[in-house]
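The values are calculated or read from the model by the stated rules, or taken from the named source; none is laboratory data. Since the model is a prediction, treat every value here as computed from it, not as a measurement. Ideal geometry is used to build each Cβ from the backbone, glycine not excepted, and the neighbour counts take in all protein chains shown.
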Amino acid sequence: MTMIGDKLHSVQARIDAARRAAGRAPGVVRLLAVSKTFGAPAVREAFGDGQTAFGENYIQEGVAKIAALSDLPIEWHCIGPIQSNKTRLVAENFAWVQSLDRLAIARRLHEQRPMQLPPLQVCIQVNIDGEASKSGVAPTEVLALAHAIKELPRLQLRGLMSIPQPTEDLAVALAAHQRARALLDRLNNDGFALDTLSMGMSADLEPAIQAGSTMVRIGTAIFGAR
Ligand SMILES: *Cc1c(COP(=O)(O)O)cnc(C)c1O
């Protein structure tokens, strides 16, 4: 196994331990490998070790990697901010967008999603700690945006994505993840059938999984420091 393979293995072991500690069933937490700033060869290596879903923050960097690795059946997730002049690149190249936080962007992605591709899988990014510096919609605005996205058939709403404020305090991290989980439950009680709660990164995947994360987004613990 390669070095990246060893790290993937350790991350999978952490996911599995947290999943078991939370009393959740095997296979309910997916691993998204966040490859931003690492080149196509690192992604190819991780794919060779069995990792199939990758996340990119910077559109142009991501699209270049997607082109370089078009021989591999990788599922690409856009997890970074999207300017309106970049929506076409996103709609044409990615399978998922987890960083959706504006209706205007959702409409453009809907219009620009090529008909020969399946609907773009999307998550609403929620600013769970209300940080002024962070993107994402306020928790109070999530329901309205979700209803608006439901009217756009070239998008399929899958759930929520959140990036809580970094903290060393496990209880604080857990509380933030639980607020995101409660928000997803509210949407589902309101008639949605959302299956994705994307939360947890290298430093906080355990409390995220305890709170019900279905997808952790891991960069550093797989590829190293950026
Ligand atoms: C960079 C990034 C990650 C991965 O963070 P690590 O701490 O390196 O695991 C996850 N999600 C988003 C949105 C990111 O920008």
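Out of all the residues in the range 191-226, which are farther than 13 Å from Ile163 by Cβ and of a type in the set (Asp, Glu)?
Of everything in the range 191-226, those that are farther than 13 Å from Ile163 by Cβ and of a type in the set (Asp, Glu) turn out to be Asp195, Glu206.
So that you can scan it fast, the table gives a plain yes or no per residue for (1) within 16 Å of the ligand (Cβ to nearest atom); (2) in contact with a His (Cβ under 9 Å, 6 or more places away or on another chain); (3) touching a residue at least 60 places away in the same chain (Cβ under 8 Å):
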{"residue": "Ile4", "(1), (2), (3)": "yes, no, yes"}
{"residue": "Asp16", "(1), (2), (3)": "no, no, no"}
{"residue": "Ala21", "(1), (2), (3)": "no, no, yes"}
{"residue": "Ala25", "(1), (2), (3)": "no, no, no"}
{"residue": "Val28", "(1), (2), (3)": "no, no, yes"}
{"residue": "Ser35", "(1), (2), (3)": "yes, no, yes"}
{"residue": "Ala42", "(1), (2), (3)": "yes, no, yes"}
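When you check Leu205 against the structure, is it at pLDDT 95 or above and closer than 23 Å to Leu109 by Cβ, yes or no? Give the steps one after another, and end with the answer.
Values: at pLDDT 95 or above: yes; closer than 23 Å to Leu109 by Cβ: no.
It is false that Leu205 is at pLDDT 95 or above and closer than 23 Å to Leu109 by Cβ.
List the pairs whose first member sits in the range 125-138 and is under 9 Å from Asp101 (Cα atoms) and touching a residue at least 40 places away in the same chain (Cβ under 8 Å), whose second member is among the small types (Gly, Ala, Ser) and outside any loop (DSSP other than H, G, I, E, B), and whose Cβ atoms are under 9 Å apart, counting only residues at least 6 apart or on separate chains?
As it stands, the answer is Val126/Ser162; Val126/Ala180; Ser135/Ser99, since those pairs meet every condition given.
Could you please find all residues in the range 184-219 being within 26 Å of Ala42 (Cα to Cα), part of a helix (DSSP H, G or I) and more than 15 Å from the chain's Cα centre (by Cα)?
Within the range 184-219, just Glu206 meets the criteria.
Scan the range 176-226 for residues that are of a type in the set (Ser, Thr, Tyr) and near the ligand (Cβ under 9 Å from one of its atoms) and jot them down.
Within the range 176-226, Ser198, Ser202, Thr220 qualify.
Output the number of residues of the range 149-183 satisfying the condition of being in a helix (DSSP H, G or I) and among the polar types (S, T, N, Q). Write out each step before concluding.
Initial filter on the range 149-183 (in a helix (DSSP H, G or I)): 149-150, 170-183.
Okay, now just the ones that are also among the polar types (S, T, N, Q), so 178.
Total meeting the criteria: 1.
Just wondering, is there one or more residues in the range 126-136 that are more than 23 Å from Ile209 (Cβ to Cβ) and in contact with a Lys or Arg (Cβ under 6 Å, 6 or more places away or on another chain)?
We begin by selecting, within the range 126-136, every residue more than 23 Å from Ile209 (Cβ to Cβ); these are 130, 132-133, 135.
Okay, now just the ones that are also in contact with a Lys or Arg (Cβ under 6 Å, 6 or more places away or on another chain), so none.
No, the range 126-136 has no match at all.
So in the range 151-171, with the set limited to residues that are within 19 Å of the chain's Cα centre (by Cα) and surrounded by fewer than 16 Cβ atoms within 10 Å (Cβ to Cβ), which one is nearest to Leu103 (Cα to Cα)?
Within the range 151-171, the match that is nearest to Leu103 (Cα to Cα) is Gln156.
Take Ser133 and decide whether it is modelled with pLDDT of 95 or more, among the hydroxyl-bearing types (Ser, Thr, Tyr) and farther than 30 Å from Lys7 by Cα.
no
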